Amino acid sequence: MAGHYLAKELGLAGDGTLTLCPSYEEARAMVADGRATRLLVANAYHGISEFYMDPWLTLERAFVFDTPLYGLASRRRSPLPLQCTIVTHPAPIPLINQLIPPGYGVSTVGTAASTSAAAAQVAAGGADLALTTEPAARRYGLQFISPTRPIRMLWSVFVPIREDERLRLSTPEENLGPRPGDRQPWARTTLPAPKEPRDA
C-alpha cells in the first residue's frame with residue numbers, strides 16, 4: 001500500500017510507523033497535535049483542496065502508486081437481489097458500472113466517509129454491496145462478487161509548516177487562521193463604500 005511505500009522511501013520501519021484513520025480529517029488532527037508527522041492523502045479525495053489550502057500544512061512531496069484492489073463485495077452466504085443497493089466513498093463511483101456483474105443492476109448508491117466505512121456498513125446489513133478495497137473487505141469479512149482492479153493514483157504528503165516558514169510570511173500568525181480543530185469564528189471584513197465619481 002502507499003503508506004508502506006512512503007515509509008520505505010523515508011527509511012522508516014517497524015510497528016507504529018503507520019496509523020490508519022477513519023477519515024483524512026482525523027488523520028490531519030493527529031498531525032496538528034503532534035501524534036503524527038505526515039498526512040498521506042489520495043488525490044482522488046474530493047476534499048483534498050482543504051489540505052492544500054490549510055495554512056498550517058505544506059506539501060512535502062507527491063508520488064504515484066497503485067491503490068489496493070477495488071471491487072464490489074457482499075456479506076458471505078448472503079443472497080443478492082437483482083437490483084442492489086451499493087455504498088461507496090464518492091471518489092470511485094465511476095467504477096460501479098465497470099465492475100457490476102452481468103445480470104445485476106443498481107437500485108441506489110449511497111456514500112460513506114471511506115472505503116472502510118462502506119465495507120463496515122455492508123457487514124452491518126446497511127446495504128447489499130460495498131465498492132471497497134481488498135484490505136477493507138478482508139477486515140469486515142466480505143467477499144468480492146465482481147472482478148477487482150487497482151487505481152493508478154497520485155498521492156500527496158503533507159507536513160506541518162515549519163517555524164522558519166511561518167516567520168517568512170508577511171502576515172502575523174493570527175492571520176494564518178485557526179489550527180485544525182479550533183473553534184474560532186471567521187473574521188468579518190467590512191469594505192468601505194465606493195466613492196461617488198466627481199464631475200470633471
>> Applying a 10 Å radius around every beta-carbon, put 61-67, 76-82 in order of their mean neighbour count, most first.
In response: 61-67, 76-82
> Over the Cα atoms of the range 70-149, what is the Rg over Rh ratio if Rh follows Kirkwood?
Replying inline: 0.90
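Readers should treat all values here as calculations from the given coordinates under stated rules, not as data from a laboratory. Predicted model, so just to flag it, every value in this text is computed and none were measured. Neighbour counts are summed over all protein chains in view; Cβ atoms, including those assigned to glycine, are modelled from backbone coordinates with ideal geometry.
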